[in-house]
1. Being within 17 Å of Val104 (Cβ to Cβ) and touching a residue at least 60 places away in the same chain (Cβ under 8 Å) is the filter here, so list the residues in region 1-55 that pass it.
2. Test of understanding: among Ser123, Ser106, which residue is more than 18 Å from Gln4 (Cα to Cα), among the small types (Gly, Ala, Ser) and either open to solvent by less than 20 Å² (accessible area, probe 1.4 Å) or out of contact with any Phe, Trp or Tyr (no Cβ under 7 Å at 6 or more places or on another chain) (or both)?
3. Within region 69-82, track down each residue that is open to solvent by 70 Å² or more (accessible area, probe 1.4 Å) and not aliphatic (A, V, I, L, M).
4. Before we move on, is Asp61 within 23 Å of Thr121 (Cβ to Cβ) and open to solvent by 50 Å² or more (accessible area, probe 1.4 Å)?
5. Please go through region 80-112 and pick out each residue that is part of a loop (DSSP other than H, G, I, E, B) and hydrophobic (A, V, I, L, M, F, W, C).
6. Which residue pairs have Cβ atoms closer than 7 Å, lie 6 or more positions apart in sequence or on different chains, and pair a first residue in region 75-90 that is on the phi > 0 side of the Ramachandran plot with a second residue that is at pLDDT 95 or above?
7. Mind listing whichever residues of region 10-54 are open to solvent by less than 50 Å² (accessible area, probe 1.4 Å) and touching a helix residue (DSSP H, G or I) at 6+ places or on another chain (Cβ under 7 Å)?
Amino acid sequence: VQLQASGGGLVQAGGSLRLSCAASGRSLSRNAMGWFRQAPGKEREFVAAISWSGVNTYYADSAKGRFTISRDNAKNTVYLQMNLLKPEDTAVYYCALRLGSESVPSEQYDYDYWGQGTQVTVSS
């Protein structure tokens with residue numbers, strides 16, 4: 001499985017970005033998906049997760065009310081809509097896949113495959 005994250009960039013505080021994670025080599029259906037991020041000098045942290053059906057989602061407190069995770073299994077793509085961005089959201093964002101799960105895992109060790117990351121920079 002290869003996961004390709006895209007959509008990052010430079011945005012001013014208060015702005016929005018939509019990240020995409022496209023999969024190849026395997027269907028995203030029947031697999032949970034998550035987004036994580038890593039800021040300079042910090043450990044990678046959980047942002048959001050979505051179950052394979054899309055019915056269940058889970059967010060880190062820092063993402064609640066501002067970020068929305070969604071998926072389009074027909075397009076084999078997962079999205080992270082990020083609104084009201086803050087400078088502290090600056091990080092490399094990674095998507096990840098958990099095989100065969102209807103859960104919404106939030107730990108890195110729960111995931112089986114990772115994308116390469118896309119840089120998000122929020123200026124103040």
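1. Selection gives Cys21, Leu28, Arg30, Asn31, Ala32, Met33, Gly34, Trp35, Phe36, Arg37, Phe46.
2. Values: Ser106 fails: either open to solvent by less than 20 Å² (accessible area, probe 1.4 Å) or out of contact with any Phe, Trp or Tyr (no Cβ under 7 Å at 6 or more places or on another chain) (or both).
Of the residues listed, the single one that is more than 18 Å from Gln4 (Cα to Cα), among the small types (Gly, Ala, Ser) and either open to solvent by less than 20 Å² (accessible area, probe 1.4 Å) or out of contact with any Phe, Trp or Tyr (no Cβ under 7 Å at 6 or more places or on another chain) (or both) is Ser123.
3. If the condition is that a residue be open to solvent by 70 Å² or more (accessible area, probe 1.4 Å) and not aliphatic (A, V, I, L, M), then Lys75 is the only one that fits.
4. Against the criterion (within 23 Å of Thr121 (Cβ to Cβ) and open to solvent by 50 Å² or more (accessible area, probe 1.4 Å)), Asp61 qualifies.
5. Of everything in region 80-112, those that are part of a loop (DSSP other than H, G, I, E, B) and hydrophobic (A, V, I, L, M, F, W, C) turn out to be Leu84, Leu85, Leu99, Val104.
6. Asn76/Ala22; Leu84/Gly14; Leu84/Arg66
7. Phe36
The values are calculated or read from the model by the stated rules, or taken from the named source; none is laboratory data. Bear in mind the structure is a predicted one, so any value in this text is a computation, not a measurement. Note that we place each Cβ from the backbone using ideal geometry, even for glycine, and neighbour counts take in every protein chain shown. Heads up: the accessible areas ignore ligands, DNA and RNA and are worked out on the full protein's heavy atoms, side chains in. Shrake-Rupley method; radii C 1.70, N 1.55, O 1.52, S 1.80 Å.
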